[in-house]
Amino acid sequence: MPKATANALTPYFDAIPAIKYEGPDSDNPFAYRYFNPNEKILGKAMKDWMRNAVCYWHTFRGTALDIFGPGTLVRPWEDGTNSLDMAIKRTDVVFDFISRLGVEYYCFHDRDVAPEGADLSETNANLWAVAEKLKKLQKATGTKLLWGTANMFSHSRFSQGAATSPNADVFAYCANSVKEMLDVTKYLAGENYVFWGGREGYNTLLNTDMGRETEHAGAFFRMAVDYAKKIGFRGQFLIEPKACEPTKHQYDFDSATVLGTLRKFGLEKHFKLNIEQNHATLAGHDFCHELAVCTSNGALGSIDSNRGDVMNGWDTDQFPNDYRECAQAWHIIINGGGFGSGGLNYDSKVRRDSYDVADMFHAHICGIDTWARGLRIAAKIIKDKQLDRFVAKRYSSYDKGIGKEIEAGRVNFEKLQKYILAKGEAAPNASARQEYLENLFNKYC
Ligand code: XUL
Ligand code: CO
């Protein structure tokens, strides 16, 4: 819940009031209009459906540099160094922001929270030094770790891949990174561990042995599963698909590809997926398509929330603002059983010219309210039952007779041929009524 400013960890956000729910008619830009944390929706508190998380990288390490110019986000708490000292000081600001926002979770990569040292042993020690501070702040503020991950894409050693690098020493380096981050995630009671294959892909087949690279990825995932078992890490492993960027072709292209790969390596029981809205569109899919691939395979883990721009073809990572898309997403998520240990991580960044600390709040308020408004709409859809009944009826030929036999695996081609020959023809199905359903959906919005 929002903390009173009097208890604030740092003075940097003192000009901004703690963010509270004021309802849809509020004119206060520093208030939620739809997110009322403890209000019950379909029998569960909104905060427990959403499990909102602030991401450390965009919000606290992003400077909004782009290819045409350096960063423009000059934060008053930064001293301009990437030192361990600054890393430790920064944690107070992060937890202050999260508390004032009234959010319960956060997510980070190893390199977001701690800098590399002179050698790998010092790098590991830096990570643990910050982890100890994070643990104290989690306890003091009640903030929880939704997931941890390792950054195996920024440094030049990863330029040709991490676990799929042609260099076996890089593979070994990555083993150290994931081992340490699994230990840290367990230490901080993290509820999930994410693999996003930053440079796990290729730019040209002229220099790439795809078969070997993907086998190495499979071996790496297997080792991670084995190590988690060894240390008793009970968090959920998640893979975050992305079609392209930074490599031309990423191996974890989309949900269907990842599920196929996991099955190839016999790892499907150990992993679920972390679906990012803008990654779905990069793969040429709707966000909801990716969610439905997951729920229909029992593999929905968590969401990295953001949006692309319909006119741009890259990962713009803007804060979500389309509550209609979120409503449809919630309908799929809720019918699929909810998030489990996952949640909504705002893997989004403010624009390069939104440089005030106030913009960090406006961005998260908009994202959280977008999902909260969507949740309220989805609850209406679910309570009203018309949409779900329509779909159930559309498949009702499988609830009895020959359809039931097909689903039960009790028939073969010969039996089906005999059946349909006796009928003489398969009558066309009733209209699929897309336009009627789109109009019905609009009614709930
Ligand atoms: C990159 C991306 C990452 C992952 C974590 O597009 O989404 O931030 O979420 O490594
Ligand atoms: Co992401």
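Laboratory data are not the source of any read-out in this text; all were calculated from the coordinates shown. This one's a predicted model, so the numbers in the text were calculated from it and none came from an experiment. Because the Cβ atoms are built from the backbone with ideal geometry, glycine has one as well, and the counts that use them run over all protein chains shown.
About its Cα centre, what dipole magnitude does the stretch 173-321 give when the only charges are +1 on Lys and Arg Cβ and -1 on Asp and Glu Cβ, stated in debye to the nearest 20?
Dipole of the stretch 173-321, to the nearest 20 debye: 640 debye.
Ordered by residue, what ³J(HN,Hα) values in Hz, to whole numbers, does the stretch 32-49 give under the Karplus form 6.51 cos²θ - 1.76 cosθ + 1.60, where θ = phi - 60° and Gly and Pro are x?
Ordered by residue, 3J(HN,Hα) equals 7, 9, 10, 8, 10, x, 9, 5, 7, 10, 6, x, 9, 4, 3, 5, 7, 5 Hz.
Hey, for a label at CYS445 modelled as a point 7 Å past Cα toward Cβ, could you say which residues of the stretch 335-372 have their backbone N under 19 Å away?
366-372
Taking the Cβ-Cβ separation of LYS139 and LEU421 as r and a Förster radius of 60 Å, what is the calculated FRET efficiency to the nearest 0.05?
Using R0 = 60 Å, I get an efficiency of 0.25.
Please determine, in degrees from 0 to 90 and to the nearest 10, the orientation of helix 210-231 with respect to the longest principal axis defined by the Cα atoms of the chain, where the helix direction is its Cα long axis.
Computed tilt is about 70 degrees.
Using each residue's phi in the stretch 331-344, evaluate 6.51 cos²θ - 1.76 cosθ + 1.60 at θ = phi - 60° and report the 3J(HN,Hα) Karplus result to the nearest Hz, with x for Gly and Pro.
Once rounded to whole Hz, the list reads 4, 6, 5, 5, 5, x, x, x, 7, x, 7, x, x, 10.
Quick one: angle between helix 84-101 and the longest Cα principal axis of the chain, in degrees between 0 and 90, rounded to 10, please.
Helix 84-101 sits roughly 50 degrees off the main axis of the chain.
Would you grab the residues whose amide H sits under 5 Å from the one on GLN236? Only those 5+ places off in sequence or on another chain, please, with H modelled 1.01 Å from N.
Under 5 Å from the amide H of GLN236: ASN192, TYR193.
What percent antiparallel are the DSSP beta bridges of the stretch 1-107, to the nearest 5?
For the stretch 1-107, the DSSP antiparallel bridge percentage is about 40.
If you put +1 on each Lys and Arg Cβ and -1 on each Asp and Glu Cβ, how big is the dipole of the chain around its Cα centre, in Debye rounded to 20?
In debye, rounded to 20, the chain gives about 1840.
Over the chain, calculate the relative contact order: mean separation of alpha carbon pairs under 8 Å at least 6 apart, over the residue count, as a percent.
Relative contact order for the chain comes out at 15 percent.
What size of dipole, in debye to the nearest 20, comes out for the stretch 35-192 about its Cα centre when the only charges are +1 on Lys and Arg C-beta atoms and -1 on Asp and Glu C-beta atoms?
About 620 debye.
Spelling out what I want: for every residue of the stretch 273-285, take phi, set θ = phi - 60°, compute 6.51 cos²θ - 1.76 cosθ + 1.60 (Karplus), and round to whole Hz; glycine and proline get x.
10, 10, 9, 10, 4, 5, 5, 4, 5, 5, 7, x, 10
Considering the options GLN318, MET181, ASN192, tell which one lies farthest towards the positive end of the dipole of the stretch 20-384, charges being +1 on Lys and Arg and -1 on Asp and Glu at the Cβ, about the Cα centre.
So the residue furthest toward the plus end is ASN192.
How much FRET efficiency would the formula 1/(1 + (r/R0)^6) give for ALA45 and ASP322, where r is the Cβ-Cβ distance and R0 is 30 Å, rounded to 0.05?
Result of the calculation: an efficiency of 0.80.
At R0 = 35 Å, how high is the FRET efficiency between GLU122 and LYS385 if r is their beta carbon distance? Nearest 0.05 is fine.
0.05
Mind ranking 261-271, 31-41 by how tightly packed they are, going by the mean number of other C-beta atoms within 10 angstrom, highest first?
Highest mean packing first, the order is 31-41, 261-271.
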